[in-house]
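See structure below.
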Amino acid sequence: MFLIEGLETYIVGPRDPGDFELLVEAVRAAPDRGDVDVVIGERGPVAPADACNGLTLPLVAFDQLYSFDRDSLIESLPRPQEQTENEGDRFEAAARELFDRVMQLTDNTGSLDEHRALNYLAVRYPGIYAATAEAFGRNESLTGVEVRPSRLSGQRKVFDVILSYTSRQTDVTDKRFVRVDVTEKFPFLVSRLAPFYER
């Protein structure tokens, strides 16, 4: 059973029986709040009630499964070059805040395309962490994370992920965005982080 924010959400199993060992390795004897499991696969039908103690949960057949803790992810992010110790601490604090914000977004079960775009960035694109650390260095706070369909969407499902940073002194908000294509099972970056301007 796969939990999200402590709630039973999916019944997860390998698409290939040879990957069953990955599932066993992901189970922790003493789970911690900082533990992260990334499941890439396809959601199927709802399991029969007798499959999970009376609960009716969707089945997910995974193709890939990654398990790590938040600290390991933060430590693996590339740091800006030539940073002081204080800047390193700011980077880590900013990265933790951004990761926690993404993970706590309302009802992020990974089932919607918007969730998939955001979750992809959280574990695969260090640019959002570097931008957040730079904003902290300018005395700006992360005040918003928004995901919306891109105007470039047509045959492809492309989403803009917009990060808002507000100055603690002037209350002026600066926005940055990145585009992610979620058309297929594996999302990918369409454009790197850039300034965002409302039209």
Among ARG90, ARG138, ARG116, ARG101, the single one that is farther than 27 Å from VAL39 by Cβ, out of contact with any Lys or Arg (no Cβ under 8 Å at 6 or more places or on another chain) and either among the polar types (S, T, N, Q) or surrounded by 15 or more Cβ atoms within 10 Å (Cβ to Cβ) (or both) is ARG90
The one condition in (1) surrounded by 15 or more Cβ atoms within 10 Å (Cβ to Cβ); (2) closer than 29 Å to LEU65 by Cβ; (3) free of Cβ contacts under 8 Å to residues at least 24 places away in the same chain that PHE177 fails to fulfil | (2)
Kindly provide the set of residues from region 49-63 that are under 18 Å from ARG15 (Cα atoms) and either of a type in the set (A, V, I, L, M) or surrounded by fewer than 14 Cβ atoms within 10 Å (Cβ to Cβ) (or both), ordered by number.
-> ALA51, LEU57, LEU59, VAL60, ALA61
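Residue check: is GLU8 under 25 Å from LEU121 (Cα atoms), touching a residue at least 24 places away in the same chain (Cβ under 8 Å), exposed (fewer than 13 other Cβ atoms within 10 Å of the Cβ) and in contact with a strand residue (DSSP E or B) (Cβ under 9 Å, 6 or more places away or on another chain)?
no
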Can ASP32 be described as surrounded by fewer than 16 Cβ atoms within 10 Å (Cβ to Cβ), more than 13 Å from the chain's Cα centre (by Cα), within 21 Å of PRO187 (Cα to Cα) and touching a residue at least 24 places away in the same chain (Cβ under 8 Å)?
-> no
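Throughout, read-outs are computed from the coordinates displayed, never taken from laboratory work. Keep in mind it's a predicted model, so treat the numbers as computed, not measured. Don't worry about glycine lacking a Cβ; one is built from the backbone with ideal geometry, like all the others, and counts go over all protein chains shown.
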